[in-house]
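Structure first, then comments.
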Amino acid sequence: DAASAWQLQVGAPFEPGGNVGWVAPVRRADGSDAVLKVECPGHRNPWAAKGLQHWAGRGAARLFDSDEATQVLLLERCVPGTNGDDLDVATANVSVASVLAELHAVDPPADDEFEPLAMLVERSRETMWDWFERFEPPVDRGVVARADELARVPGVAQFDYLLLGWPR
């Protein structure tokens with residue numbers, strides 16, 4: 001497994017856990033700290049490692065290693081400082097703007113390097129309807145139809161973006 005291959009000492013997983021993965025602190029063979037992230041089955045994201053590699057630590061955690069077949073990432077450990085919820089609005093805005101500036105300062109990837117946003121939106125719409133039909137609907141069909149309508153707003157997916165998602 002990745003922990004053995006990368007010679008990691010794995011700590012207890014972070015609590016609360018990740019949204020779509022198991023995440024734990026690790027110590028590398030050289031004594032440095034890192035984070036091991038294992039994506040949950042059914043939440044394949046073949047672009048996560050590529051995106052982090054593209055940003056190379058500028059505005060996002062640095063990727064040390066990855067195994068695409070098993071969806072395991074070895075990441076820079078970002079030690080939390082001040083919780084954003086504790087900041088006043090102006091300071092929080094400056095912090096977010098700073099991170100966004102770092103992300104956008106990186107040259108865009110090649111056109112064929114990542115899934116186009118339009119394809120991601122379409123896949124998300126299909127998944128939304130599939131889940132609505134397969135599982136007992138927790139919401140009114142009209143709410144799902146409205147979400148589908150909003151996803152089809154002209155122009156939303158006409159531009160190319162390299163998106164970064166982070167857990168709340």
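The values are calculated or read from the model by the stated rules, or taken from the named source; none is laboratory data. Computed from a predicted structure; not experimentally measured. Note that we place each Cβ from the backbone using ideal geometry, even for glycine, and neighbour counts take in every protein chain shown. Areas reflect the complete protein model, heavy atoms only, side chains present, ligands, DNA and RNA absent. Shrake-Rupley method; radii C 1.70, N 1.55, O 1.52, S 1.80 Å.
Here are some notes:
- Note on Arg123: accessible area is roughly 100 Å² with a 1.4 Å probe, heavy atoms of protein only.
- Which labelled figure in (1) 30, 22, 18; (2) 24, 17, 16; (3) 57, 20, 12 is semi-axes √(5λ) of the Cα gyration tensor in Å, once derived from the coordinates: (1)
- Estimated from helical segments only, the mean residue ellipticity of the chain at 222 nm is -10500 deg cm²/dmol, where each DSSP H run of four or more residues counts as -39500 (n - 2.57).
- Local electrostatic count, Pro46, Cβ distance below 14 Å [Lys/Arg +1, Asp/Glu -1]: -3
- The chain, relative contact order in percent, only Cα pairs under 8 angstrom and at least six apart counted: 16
- Portion, in percent, of the accessible area of the chain that falls on carbon or sulfur, probe 1.4 Å: 55
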